[in-house]
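Undergrad: There's a structure below that I have some questions on.
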Amino acid sequence: MMRGGCFCGSVTYAVTGTPTLSAFCHCTNCQRLSGCPFVHTIHFPASAFMWTHPAPHEDRLDSYVVAAKPWKTRWRCKSCGACVMSANSKTENCSVWGAHLARDETGKILDWESVKPTAHIFYETRMLDVKDDLGKWTGYENSSTRLE
């Protein structure tokens with residue numbers, strides 16, 4: 001089980017099982033929503049996700065939908081504004097960002113090997129080149145064109 005939460009700690013969650021995807025996403029939606037050149041997105045079946053902060057959970061959360069992806073609901077903390085989870089009604093998956101996962105006392109993500117990214121996705125819309133050994137894809141890994 002992996003745990004995570006928002007910046008202020010008001011919203012917490014747990015996910016179980018193995019991710020269906022762990023990648024650095026360079027799509028323009030992630031760039032604009034995060035304010036960063038790319039995000040570490042980790043996908044799990046929706047059934048693997050649970051809120052762990054005190055119920056009623058919605059008291060601490062706001063949800064929103066971006067017009068470009070009406071099938072995806074994003075959840076953020078009402079206190080600090082951090083986007084902590086998104087739910088995709090098309091795939092019945094949820095996604096969390098690696099930056100929100102629990103860390104050890106040195107700041108490293110706990111159980112890193114189980115969520116370590118395997119690729120860069122939507123790399124054609126990257127804001128900067130990344131020099132590493134991970135594959136770069138035009139869309140999702142193994143279901144789009146590999147660039148490098």
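The values are calculated or read from the model by the stated rules, or taken from the named source; none is laboratory data. For clarity, every value in this text was computed on a predicted model and none was experimentally measured. Here the Cβ positions follow ideal geometry from the backbone for every residue, glycine too, while neighbour counts run over all protein chains shown.
Undergrad: Hey, any hits in the stretch 51-74 for a residue that's part of a strand (DSSP E or B), under 22 Å from HIS26 (Cα atoms) and in contact with a helix residue (DSSP H, G or I) (Cβ under 8 Å, 6 or more places away or on another chain)?
TA: The answer is yes, given that some residue of the stretch 51-74 is part of a strand (DSSP E or B), under 22 Å from HIS26 (Cα atoms) and in contact with a helix residue (DSSP H, G or I) (Cβ under 8 Å, 6 or more places away or on another chain).
Undergrad: Moving on to the next point. Scan the stretch 104-124 residue by residue and report those that are over 18 Å from the mean Cα position of the chain (by Cα) and either modelled with pLDDT under 95 or of a type in the set (S, T, N, Q) (or both).
TA: Matches in the stretch 104-124: THR106 only.
Undergrad: Restricting to the stretch 100-148, give me the number of residues that are under 25 Å from PHE49 (Cα atoms) and among the β-branched types (Val, Ile, Thr).
TA: Residues meeting the conditions: 4.
Undergrad: For the stretch 1-45: of the residues being surrounded by 20 or more Cβ atoms within 10 Å (Cβ to Cβ) and of a type in the set (Phe, Trp, Tyr), which is nearest to SER89 (Cα to Cα)?
TA: If we take residues in the stretch 1-45 being surrounded by 20 or more Cβ atoms within 10 Å (Cβ to Cβ) and of a type in the set (Phe, Trp, Tyr), then PHE44 is nearest to SER89 (Cα to Cα).
Undergrad: A follow-up question, please. Go through the stretch 63-80 and report how many residues are closer than 16 Å to HIS100 by Cβ and in contact with a strand residue (DSSP E or B) (Cβ under 9 Å, 6 or more places away or on another chain).
TA: So the count comes out to 5.
Undergrad: Answer with yes or no whether CYS80 is within 16 Å of THR16 (Cα to Cα), at pLDDT 95 or above, touching a Ser or Thr at 6+ places or on another chain (Cβ under 8 Å) and not β-branched (Val, Ile, Thr).
TA: Judged against the criteria, CYS80 is not a match.
Undergrad: Could you tell me whether GLY4 is in contact with a helix residue (DSSP H, G or I) (Cβ under 9 Å, 6 or more places away or on another chain), at positive phi and not hydrophobic (A, V, I, L, M, F, W, C)?
TA: no
Undergrad: Cβ-Cβ under 6 Å, sequence separation 6+ or interchain: first residue in the stretch 94-122 and in contact (Cβ under 8 Å) with a residue 24 or more places away in the chain and under 18 Å from LEU134 (Cβ atoms), partner crowded, with 19+ Cβ neighbours inside 10 Å and among the charged types (D, E, K, R). Which pairs?
TA: Cβ pairs passing all conditions: HIS120/LYS136.
Undergrad: Please work out which residue is nearest to THR16 (Cα to Cα), limiting yourself to the stretch 46-68 and to residues that are surrounded by 11 or more Cβ atoms within 10 Å (Cβ to Cβ) and of a type in the set (Asp, Glu).
TA: GLU58
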